[in-house]
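Peer 1: First the structure, which I've put down as structure tokens, then a few questions once you've had a look.
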Amino acid sequence: MLRTSICIRLFKSRIKYNTRTAQNQLHATHCIFSTENVKKHVVKIAESLTSELSYSNSIKRLKLKNQAAVLVPLCTVNGELCLLFTVRSNNLPTHKGQISFPGGGVKHGDTGAVDAALRETEEEIGFPRNKVDVWTTLPHISNHTRTAAVIPVVGYLGEVNIEDMVPDRNEVTEIFTVSLTNLVNNASYTRFRIKAKKRSEHDYVMPVYFTQYRIWGLTANIVDTVLSIL
Amino acid sequence: MAGRMSRSAGRYYRSLRKSFSTSSCLSYVESPANGDVMTTPLSVPLRDSPKPIYAESASETFQTMTSKLNNGLTVTSQPKFGTFCTVGILINAGSRHEVAYPSGMSHYLERCAFAGSSIYKDRDAVMLAVEKLGGICDCQSSRDTTIYAASVDRDKLEPLMELLADSVYQPTLDDDVIEQARESINYELDELDKKPDPEPMMTELIHEAGFRGNTVGLPKYPQAETLHQINKASLQKFLRSYYLPERMVVAGVGVDHDELVALSEKYVSAAAKSPSWSLDGARESDASVAQYTGGEVKVQKHFDLSMSVVPMPELAHVSIGMESVKFTDTNFVPFAVLNMLMGGGGSFSAGGPGKGMFSRLYLNVLNRHHWMYAATAYHHSYDDGGLFCIQGSAHPSQLRECVHVITQEFAKLTNGIDKVELDRAKKQLQSMLMMNLEARPVIFEDVGRQILATGERKSPKQLCDMIDNVSNDDIVRVARHMLSSRPAVAALGDVKQLPDYEDIENALTRPDGKLPKKFRLFGR
């Protein structure tokens, strides 16, 4: 029997939403692209999402040192709206070789999640923080065991050229972009069954995107959230 | 004097000829043309013999033919000479689709197959009917496919199609059939637990480790805790969700294609319109894609060795695997060659050359380390992901060394393969493929599975060509790709000496594959 918390239900409905109606809803890519309009739309929805969700106690209990922030870099490549991803280096201790957004832990000296995300972006891909147009932050997205939570910061980078970016080889092997239509067309999902030990544990569904690299896990969660907003 | 000798020799031979002479014999020996028979070497044709005309294999007559019916059902056939044919229905339903159900539904259905349907009241009636058709029938389920098949006399195709359609779409699933299946599964689970043979359990464990909690990582066997949840209603819900014509292929080997299509329309499509589980009702189908996660699964277990007939040593089993590719990927054939290259088996395997005794796991592992009881390489590949693993068995006290040997073998792959070794592996793979495809049931399964999975069938010749094209660079490349994924570790038996997962993960990233040296003062 599947009992759902608000986070998972919202997420599950996004899966159905994405695979059936996403084509109609991606108005941002179809109509004449006006950054301001899209930005207003995204900010409005993000704010309504934040007020709607009630964080579970475990997230509230996470201390500041465990918080992480990532930048969700919306950009245009040759006029097409895309998301920018990085391939994590094999030198990193965790999640080697997986696809992720630029970002990292919130450290001392950062004024908050947004600042941390922008600083990490500048370190990892060399994109100057003052050129990022930060639109909003989305609610925490946590991993399924609720041990870590990441705050996605939605920012617009404008027209970018991958060749101009210099990745930090210790952390990032490669930078690439995927257009939003490509993501929507290659969306799929996997349902995971877990041996639930507590009443709060239940099966969960995770999205996966089969673009030039397979995008899965928390990154795919964030992509799904962003796509359902746009 | 020489002359006198030769003259007497001549007289001797002439008298011999006379004693043997019949007119034909004389002419045979003496006529100049046939005199060549004695002197022509076997590699040169005789001057006057007729020129031989060799039979050509016409490739057109051995083409697999496929048609798709209106309701989505695919019908495929492979012509083959012979008095018997093998026909069956393959369904894209297996343990990987059971995430929303108690595990083991497909396995349960396998036990309930051919056990009574609308035309045949019980299992005996079905078996009698199949016997009358001159053959046997069987159901087999695996992680991603369920196959109902029968081999019968070629001219009994029509009654067979009726029987198959009936068994697949109209099973009665009586209470006693379900109870009997439950009893036999209980017995099987008991056996699995008690038998010292690690095989089915290790496959389950390595899949669970590699694909944690999803699709092909789900257990194939029913779990004792949820076995009671499998009943007629849940079985019917599973059937309603997955036994749909668009998920099925009717395959036949040794049958006429048009005849098979006509009979499928007549029986299978008709039965599909009104199956015994009724089309209205709850459905829950899952279209998850397999996600490789990597990870560790340890089962601490004591084998009761007094149960086995043959005296067996106490063994611990460990399997280390990494992500491979789906079978439609271009790297699939290099992985298959890699599997053959690694080979392996049990150390007591009696066999001559060509049985695989020259594969790497024999040469480098089993022949060098007497304490390794078995080392085998396996490659599991599905339509959206795969797993390549090496399984080793040794005494529990040697478990760390066993893991060490396996990680070193994996790491050595990136150094490249010697040409002789690579050619041997390719030839062995080709010959194994061709030898297996001489058997009609294997052809049936090959054709059926390929059409079910990809919609087209690669002929044996195409596969052999793909195998030929594998080069050393391909092997090194796939080995590197594999080693960059998170390892999956499964262990069964007394596993206290198993190294930590992080140590194994680190060992696989090092070029020499060595585990870190642990300074043990008081043991582990």
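The values are calculated or read from the model by the stated rules, or taken from the named source; none is laboratory data. This is a predicted model, so every value here is computed, not measured. As a convention, Cβ positions derive from the backbone with ideal geometry for all residues, glycine included, and neighbour counts pool all protein chains shown.
Listed here are the residues, each with its yes/no results for (1) out of contact with any strand residue (DSSP E or B) (no Cβ under 6 Å at 6 or more places or on another chain); (2) within 14 Å of another protein chain (Cβ to nearest Cβ).
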{"site": "B:Lys273", "(1), (2)": "yes, no"}
{"site": "B:Gly281", "(1), (2)": "yes, no"}
{"site": "B:Thr293", "(1), (2)": "yes, yes"}
{"site": "B:Val297", "(1), (2)": "no, yes"}
{"site": "B:Phe303", "(1), (2)": "yes, no"}
{"site": "B:Pro311", "(1), (2)": "yes, no"}
{"site": "B:Gly321", "(1), (2)": "no, no"}
{"site": "B:Val333", "(1), (2)": "yes, no"}
{"site": "B:Met340", "(1), (2)": "yes, no"}
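Peer 1: While we're here: Filter the stretch B:95-124 down to the residues that are out of contact with any strand residue (DSSP E or B) (no Cβ under 9 Å at 6 or more places or on another chain) and assigned to a loop (DSSP other than H, G, I, E, B) and list them by number.
Peer 2: B:Glu98, B:Tyr101, B:Pro102, B:Ser103, B:Gly104, B:Ile119, B:Tyr120, B:Lys121, B:Asp122, listed by residue number.
Peer 1: Now a separate question. Look through B:Arg123, B:Arg143, B:Arg154 and report the one residue that is on the phi < 0 side of the Ramachandran plot, under 21 Å from the mean Cα position of the chain (by Cα) and at pLDDT below 95.
Peer 2: B:Arg143
Peer 1: Also, I was wondering about something else. Pick from B:Gly281, B:Gly254: which is of a type outside the set (Phe, Trp, Tyr), on the phi > 0 side of the Ramachandran plot and surrounded by fewer than 21 Cβ atoms within 10 Å (Cβ to Cβ)?
Peer 2: B:Gly281
Peer 1: Does B:Leu433 fit the bill of being aliphatic (A, V, I, L, M) and part of a helix (DSSP H, G or I)?
Peer 2: yes
Yes/no matrix, rows are residues, columns are (1) in contact (Cβ under 8 Å) with a residue 24 or more places away in the chain; (2) in contact with a Phe, Trp or Tyr (Cβ under 7 Å, 6 or more places away or on another chain); (3) surrounded by fewer than 13 Cβ atoms within 10 Å (Cβ to Cβ):
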{"position": "B:Asp446", "(1), (2), (3)": "no, no, no"}
{"position": "B:Gln450", "(1), (2), (3)": "no, no, no"}
{"position": "B:Ile475", "(1), (2), (3)": "yes, no, no"}
{"position": "B:Met482", "(1), (2), (3)": "yes, yes, no"}
{"position": "B:Arg486", "(1), (2), (3)": "yes, no, no"}
{"position": "B:Lys514", "(1), (2), (3)": "yes, no, no"}
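Peer 1: Also: Here are some conditions: (1) in contact with a Leu (Cβ under 9 Å, 6 or more places away or on another chain); (2) touching a residue at least 24 places away in the same chain (Cβ under 8 Å); (3) under 26 Å from A:Ile194 (Cβ atoms). B:Pro245 meets all but one. Which one does it not meet?
Peer 2: Failed condition: (3).
Peer 1: How many residues are within 27 Å of the chain's Cα centre (by Cα) and crowded, with 17+ Cβ neighbours inside 10 Å when one looks only at the stretch B:284-306?
Peer 2: So the count comes out to 12.
Peer 1: Considering each of A:Lys96, A:Lys39 in turn, give the residue that is in a helix (DSSP H, G or I), of a type in the set (Lys, Arg), touching a Ser or Thr at 6+ places or on another chain (Cβ under 9 Å) and at pLDDT 50 or above.
Peer 2: Unique residue meeting the criteria: A:Lys39.
Peer 1: Within the stretch B:74-87, work out how many residues are surrounded by 24 or more Cβ atoms within 10 Å (Cβ to Cβ) and over 20 Å from B:Lys458 (Cβ atoms).
Peer 2: 2
Peer 1: Residue by residue through the stretch A:93-112, note down the ones that are within 14 Å of chain B (Cβ to nearest Cβ), surrounded by fewer than 17 Cβ atoms within 10 Å (Cβ to Cβ) and either touching a residue at least 24 places away in the same chain (Cβ under 8 Å) or closer than 14 Å to A:Val150 by Cβ (or both).
Peer 2: A:Thr94, A:His95, A:Gly97
Peer 1: So, restricting to helices (runs of 4 or more DSSP H) that lie completely within the stretch B:125-240, which ones have at least 2 residues that are more than 14 Å from chain A (Cβ to nearest Cβ) and among the small types (Gly, Ala, Ser)?
Peer 2: Those helices (runs of 4 or more DSSP H) span B:157-169, B:175-194.
Peer 1: If you don't mind, there's one more thing I want to ask. Restricted to the stretch A:213-230, and to residues that are aliphatic (A, V, I, L, M) and not in a helix (DSSP H, G or I), which residue is modelled with the highest pLDDT?
Peer 2: If we take residues in the stretch A:213-230 being aliphatic (A, V, I, L, M) and not in a helix (DSSP H, G or I), then A:Ile215 is modelled with the highest pLDDT.
Peer 1: What number of residues in the stretch B:59-115 are over 30 Å from B:Gln223 (Cα atoms) and not acidic (Asp, Glu)?
Peer 2: Number satisfying all stated conditions: 28.
Peer 1: Then there is this: Would you mind telling me which numbered condition in (1) among the hydrophobic types (A, V, I, L, M, F, W, C); (2) buried (at least 16 other Cβ atoms within 10 Å of the Cβ); (3) part of a loop (DSSP other than H, G, I, E, B) B:Val309 fails?
Peer 2: (2)
Peer 1: Just to be sure, is B:Val310 modelled with pLDDT of 90 or more and over 19 Å from the mean Cα position of the chain (by Cα)?
Peer 2: Criteria not met by B:Val310.
Peer 1: Report yes if B:Ser241 is small (Gly, Ala, Ser) and modelled with pLDDT under 90, otherwise no.
Peer 2: no
Peer 1: Considering every residue within the stretch A:82-92, establish whether at least one is more than 12 Å from A:Thr219 (Cβ to Cβ), more than 14 Å from chain B (Cβ to nearest Cβ) and either touching a residue at least 40 places away in the same chain (Cβ under 8 Å) or crowded, with 19+ Cβ neighbours inside 10 Å (or both).
Peer 2: For the stretch A:82-92, residues more than 12 Å from A:Thr219 (Cβ to Cβ), more than 14 Å from chain B (Cβ to nearest Cβ) and either touching a residue at least 40 places away in the same chain (Cβ under 8 Å) or crowded, with 19+ Cβ neighbours inside 10 Å (or both): present.
Peer 1: For the structure I just gave you, tell me whether A:Asn170 is over 16 Å from the mean Cα position of the chain (by Cα), under 23 Å from B:Ser485 (Cα atoms) and away from chain B (no Cβ under 14 Å).
Peer 2: Yes; evaluated as a whole, the condition is true for this residue.
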